[in-house]
Amino acid sequence: MSDPRAERLTEYVSGVSRERKWPNQRPKDAATLIVIDRSGAEPKVLMGKRHAGHKFMPGKFVFPGGRIETDDRKMPAHGALAPRVEEALAARLVRGGASRGRALAMTALRETYEETGLMVGRPAEPLPKGPSSGSWAPFFEKAILPDLAAVHFIGRAITPPRRPKRFDTRFFAIDREAIAQESPGFVGPDKELVELAWVDLDEARKLDLPPITVVMLEELERRTEEGFGHDLPVPFYHEVRRRFVRELL
């Protein structure tokens with residue numbers, strides 16, 4: 001039986017099928033992070049508006065994220081991913097397993113800091129050895145280690161073939177309480193994100209969103225209703241014979 005969320009993705013892709021004119025390519029690993037505030041009566045999520053000058057999704061509201069960098073594999077962390085999260089991240093992978101899943105989670109945390117100034121982690125003294133220069137340098141300067149134990153894995157989606165950019169994206173989430181520090185100056189007219197907004201889920205759905213973001217907001221809503229636990233199943237959206245399917249990892 002088909003899933004309505006997968007059907008909506010199929011309808012969207014069918015509507016832009018004329019764009020399937022590029023040579024096929026292997027999707028690149030990517031990771032994104034949803035920050036959710038559950039302290040009030042209605043959960044709120046952090047959305048960022050992309051600069052209008054970007055070639056990829058200009059002006060869209062998105063979650064912070066990006067691609068793996070070398071130091072994401074080397075950076076030490078506080079704790080480890082929950083066993084069920086590790087298991088779901090390793091599912092349907094030909095190579096990489098746990099180390100690849102960990103690196104993707106670290107990517108989501110690093111990209112979130114670089115795009116929003118929100119540092120997810122815990123104070124650590126003394127700091128262990130690690131890549132204290134480059135993208136992770138601010139964490140060492142603040143004596144904060146990223147907190148993997150706080151990371152939830154809520155979904156995975158692969159861009160269909162023959163599109164100009166293809167990503168195999170893992171959608172992670174953390175509770176706002178996991179933020180150790182918030183720094184200003186990361187968002188503005190000359191930055192990757194020009195605006196940040198904390199909005200409830202109904203408000204978020206009214207923003208200009210990529211279709212997969214709408215679907216992941218629905219997955220997040222269901223997850224919060226079911227307790228926001230690490231052990232909940234993780235949906236995996238991918239295309240089979242030109243139709244999206246929703247598989248549980």
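Counting neighbouring Cβ atoms within 10 Å and putting the fewest first, the residues ILE174, ILE34 line up as ILE174, ILE34.
Distance from the Cα centroid of region 216-249 to that of region 134-165 is 18 Å (rounded to whole angstrom).
Comparing ALA77, ALA41, ALA105 in a Gaussian network model of the chain where C-alpha atoms under 10 Å apart are linked, the largest mean-square fluctuation is found at ALA41.
Listed by chain and number, the lysines placed with their C-alpha closer than 21 angstrom to that of LYS191 are LYS49, LYS55, LYS60; residues fewer than eight positions away on the same chain are left out.
A cut-off of 5 Å between modelled amide H atoms, ignoring neighbours fewer than 5 places along the same chain, links ILE154 with PHE171, PHE172, ALA173.
Karplus-derived 3J(HN,Hα) values for region 217-233, using 6.51 cos²θ - 1.76 cosθ + 1.60 with θ = phi - 60°, are 5, 5, 5, 5, 4, 4, 5, 5, 5, 9, x, 6, x, 5, 8, 5, x Hz; glycine and proline are entered as x. Label sites at ALA143 and LYS206, each approximated as a point 7 angstrom past Cα along Cα to Cβ, lie 4.5 nm apart. Checked against a 25 Å cut-off, the cross-linked pairs LYS28/LYS206; LYS21/LYS206; LYS28/LYS142; LYS44/LYS165; LYS28/LYS74 give Cα-Cα distances beyond that limit for LYS28/LYS206; LYS21/LYS206; LYS28/LYS142; LYS44/LYS165. Per-residue ellipticity at 222 nm from helix content only, as computed over the chain with -39500 (n - 2.57) for each DSSP H run of at least four residues, stands at -8000 deg cm²/dmol. Protection proxy ranking, highest mean first, for peptides 176-183, 230-237: 230-237, 176-183, where packing is the per-residue count of other beta-carbon atoms within 10 Å, averaged.
Every read-out reported here was derived from the displayed coordinates using simple, explicitly stated rules and does not represent laboratory data. Everything numeric in this text was worked out from a predicted model, so none of it was measured. When we count neighbours, we look across all protein chains shown, and the Cβ atoms used for this are built from the backbone with ideal geometry, even at glycine.
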